[in-house]
Amino acid sequence: MNSKTGSRLRAPWTPAENALLGTMPDMKLARRLKRSYDAVAARRLNQGIPSCNPKRKLWRPHDDQVLGTRTDHQIAMLLQRTVHSIRNRRRKLGIPTKLAKNYRPWTNAEDRMLGTRLDHEVAHKLGRTRQSVCQRRRKLGIKPAPFHKPWTSRELKLIGTMPDLDLSRLIGRSMAAVRVRRYLLRLPNQNPHFISWTETV
């Protein structure tokens with residue numbers, strides 16, 4: 001590094017140079033001002049000036065007006081931005097999200113069911129998806145129900161008194177769980193459409 005370049009790197013910043021910060025990429029401005037990239041970047045950060053990214057799409061006033069009028073996914077396609085950028089911008093401006101048409105608010109009764117059964121069982125009971133049940137439960141800080149739920153004496157007495165499918169709906173267990181339990185207890189199947197095999201000699 002020659003003495004002229006070295007003295008330039010340590011030279012005080014002029015108002016004209018400060019005015020150029022953020023108007024072009026730091027590397028390009030460094031070459032133009034004959035300063036190092038680190039010096040330009042540090043000066044820009046100290047001045048609180050955002051970097052210039054040619055590929056970055058700046059938010060325009062009419063872009064902000066669209067936020068919250070539709071779902072984030074729809075606005076992302078409309079503005080040709082990512083859903084992540086739409087969500088961050090909307091939250092930064094304090095704009096509530098536009099819920100999808102098929103969105104169904106959660107009731108207090110539904111919230112009380114979370115964690116009392118397995119997520120897929122609650123989803124089936126409430127007519128919701130397993131994913132929505134899982135997300136709601138986590139949002140409320142509710143622990144998932146244990147995978148192996150002990151059978152009660154009442155449930156055991158009902159096994160074999162009705163079809164497995166009817167019993168599974170009644171006690172909130174899967175039909176497979178009812179079928180396996182009935183098999184272990186060696187109880188007959190109460191399926192009206194089931195015809196048992198007879199032994200022949």
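Compute the Cα gyration tensor for region 70-136, then decide on rounded, prolate or oblate, letting a ≥ b ≥ c be the square roots of its eigenvalues: rounded whenever a/c is under 1.5, prolate when a/b is larger than b/c in the other cases, and oblate in all that remain.
In terms of gyration-tensor shape, prolate.
Using a simple spin-label model with points 7 Å from Cα along the Cα→Cβ vector, what separation in nm is obtained for ALA16 and LEU45?
Distance between the two pseudo-spin positions: 2.8 nm.
Which distance in nm do the two modelled labels at HIS120 and ARG138 give, with both placed 7 Å along the Cα-to-Cβ direction?
1.8
Going by the alpha-carbon gyration tensor, a ≥ b ≥ c the square roots of its eigenvalues, is region 28-148 rounded (a/c under 1.5) or, if a/c is not under 1.5, prolate (a/b greater than b/c) versus oblate?
Since a/c reaches 1.5 and a/b is larger than b/c, the shape of region 28-148 is classed as prolate.
To make sure I understand the rule: partners must be aspartates and glutamates, Cα under 17 Å from the Cα of LYS98, and not fewer than 8 residues away in the same chain. Which ones qualify?
Qualifying aspartates and glutamates at Cα under 17 Å: ASP63, ASP64, ASP72.
Give me the extension gain from LYS98 to ALA176: residue separation times 0.36 nm, minus the current Cα-Cα distance, reported in nm with one decimal.
Extra length from LYS98 to ALA176 when fully extended: 24.1 nm.
Assuming a ≥ b ≥ c are the square roots of the Cα gyration tensor eigenvalues, decide whether region 57-103 counts as rounded (a/c under 1.5), prolate (otherwise, with a/b larger than b/c) or oblate.
prolate
What distance in nm separates the simple spin-label points at ARG186 and ASP64, each placed 7 Å from Cα in the Cβ direction?
Rounded to a tenth, the inter-label distance reads 7.7 nm.
Coordinate-derived values only; no laboratory data. This one's a predicted model, so the numbers in the text were calculated from it and none came from an experiment. In this analysis, Cβ positions are derived from the backbone assuming ideal geometry, glycine residues included, and neighbour counts consider all displayed protein chains.
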